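One structure below.
Throughout, read-outs are computed from the coordinates displayed, never taken from laboratory work. Quantities reported herein were computed from a predicted structural model and do not represent experimental measurements. With ideal geometry, Cβ positions are generated from the backbone for all residues, glycine too; neighbour counts draw on all protein chains shown.
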């Protein structure tokens, strides 16, 4: 079993953590219905209330790229960009198996 995964890190500008959390949760709901989405989880860092982690698992890298074209996705990105401190960072990974995968 080979899947495509991402761990993303985004930090909200001061005072905007709840707004960014809301946008990320909306994104999760939006892409959960797209082809190839297995997992899209939003987590808040326990040591920094402004830092968020997004963990995604997709059937393929192409499915992930296509999800960015989902209706409403561009609007959420435009809402999030002004309240993100610095540049989002992340790491790609290949899923090889484990409990909970489709």
Please determine, in degrees from 0 to 90 and to the nearest 10, the orientation of helix 17-31 with respect to the longest principal axis defined by the Cα atoms of the chain, where the helix direction is its Cα long axis. 20 degrees
What FRET efficiency would be calculated for the residue pair residue 87, residue 1, taking the C-beta separation as r and a Förster radius of 41 Å, to the nearest 0.05? 0.80
In terms of the Cα gyration tensor, with a ≥ b ≥ c the square roots of its eigenvalues, is the range 35-83 rounded because a/c is under 1.5, prolate because a/b exceeds b/c, or oblate? oblate
If you take Cα extents along the principal axes in Å from the coordinates, which of (i) 41, 32, 20; (ii) 64, 29, 21; (iii) 31, 28, 20 do you get? (i)
Exposure proxy check on 67, 22: fewest-to-most Cβ neighbours within 10 Å is 22, 67
